[in-house]
1. Express in nm, to one decimal, how much length is gained between residue 153 and residue 178 on full extension, taking 0.36 nm for each residue of separation and deducting their alpha carbon distance.
2. Could you sort out which of 194/306; 21/196; 246/286 sit more than 27 Å apart by Cα distance in this structure?
3. With a ≥ b ≥ c taken as the square roots of the eigenvalues of the C-alpha gyration tensor of segment 5-77, please select rounded if a/c is under 1.5 and otherwise prolate if a/b is larger than b/c or oblate if it is not?
4. Tell me which residues come under 5 Å, amide H to amide H, from residue 33 once H is placed; ignore anything under 5 positions away on its chain.
5. If the reach is capped at under 28 angstrom between alpha carbons, list the lysines near residue 159, excluding any in the same chain fewer than eight residues apart.
6. For the pair residue 204 and residue 247, how long in nm is the line joining their label points, each one 7 Å along Cα→Cβ?
7. Among 108-120, 134-146, 16-28, what's the highest-first ranking by average C-beta atoms within 10 angstrom per residue?
8. Suppose every K and R has +1 on its Cβ and every D and E has -1 on its Cβ; what is the size of the dipole of segment 46-183 about the Cα centre, in Debye to the nearest 20?
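No value in this document is a laboratory result; all are computed from the given coordinates. In this text, all values refer to a predicted model and were calculated from it rather than measured experimentally. Cβ placement follows ideal geometry from the backbone for every residue including glycine, while neighbour counts extend to all protein chains displayed.
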Amino acid sequence: MNKDMEFYVDEYVNNFGYIDKDRRFERKDNSVRIMLLGGCWLEGMQTTIDQHTNIFLESMLRRQTGVNFEVISQAGPSTTIGQNAVILERYGKLFGADILLAFQTQVDLFMFEPVLNEKHTGMIVGHAQKSTFDFDEQGNIILVPGDPGYAAFRQQPDKSPILGTVSQTATGFATAAWPPSYVKATQLLKGVLKEKIIDQVKDTDTKVGLIFGYHANSGVTYGRGQDKNGLLAKERWFHFLEGLCKDLDIYPLNLASPMMDRSIIQWRSWNKNWHPSPYGHYMIAKSVAEKLMAWPDFKEIVTRQKQKDQEKNH
């Protein structure tokens, strides 16, 4: 075993099976409720709960606005927007969040589209570990359930770069013509966001946002310098997601910044372990808080909550 990868963290699993504080559907503390949907970076298995993104964010927003916040984390290892959407539909929407924020990286495209998932993980189509999505013959989005016996069908993944030194997951965004598999994956992403997340809360006052630009796989080839193909991939990815948010009328939270790029090596947890350290979680929470404070809908929610607090106190 690589000793740089050895660590021990005593975690708490809550009443919904996530690494987070216990949560309840009822809201008795007069707080603004935010739900975060994400993968392993948000889950924070490498750090204790008090040093997770959602806990830092609760504190930051409370101090910056003067109102109470509850920030719920619904996240798991290698969990995509599509997989979180399934949980949201089953019970996540019962929390009645004021704001719903989904974390998105390019890796996600490889994890919920069956063919790309097979290439990236070696889990062949129809026998993936987790649920994926696909289109039927009529163009409708369908759920492809995970297979508990996936290990018996797993083969060697093919992660070879398709273009120069750009990682496999960034290649489609560094080329002028997207490969068909990337086109299909982006169409699925848009469809899943629309049908499985946005439409789930369309009859409520919940506001939806998409968080991106925080992950090492944003398109820059870390460790090999910022080559031109990597930089181009990164910008095309951001351009695509910002356009997607505009089309779906949701708020884009692009966390990319010179500070985030410079500190990526410093705030990972351990050598060869690309997950955030406590400082990494702090950096992500700080960036999310800054984006939220600039969002008109967020400001309106805070103003409304302050009015409720004043009425309650009088």
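1. Values: separation 25, 0.36 × 25 = 9.00 nm, distance 2.91 nm.
Residue separation times 0.36 nm, minus the Cα-Cα distance, leaves 6.1 nm.
2. Values: 194/306 31 Å; 21/196 25 Å; 246/286 24 Å.
Too far apart for the 27 Å limit: 194/306.
3. Working: a/c = 2.27, a/b = 1.62, b/c = 1.40.
Prolate shape, in that a/c is at least 1.5 and a/b is the bigger ratio.
4. 70, 98, 99
5. 3, 119, 130, 184, 190, 228, 234, 272
6. 2.6 nm
7. Values: 108-120: 22.8, 134-146: 12.0, 16-28: 13.8.
Ranking, from highest mean packing down: 108-120, 16-28, 134-146.
8. Numbers: 8 positive and 13 negative charges, 66 e Å.
Around 320 debye, computed over segment 46-183.
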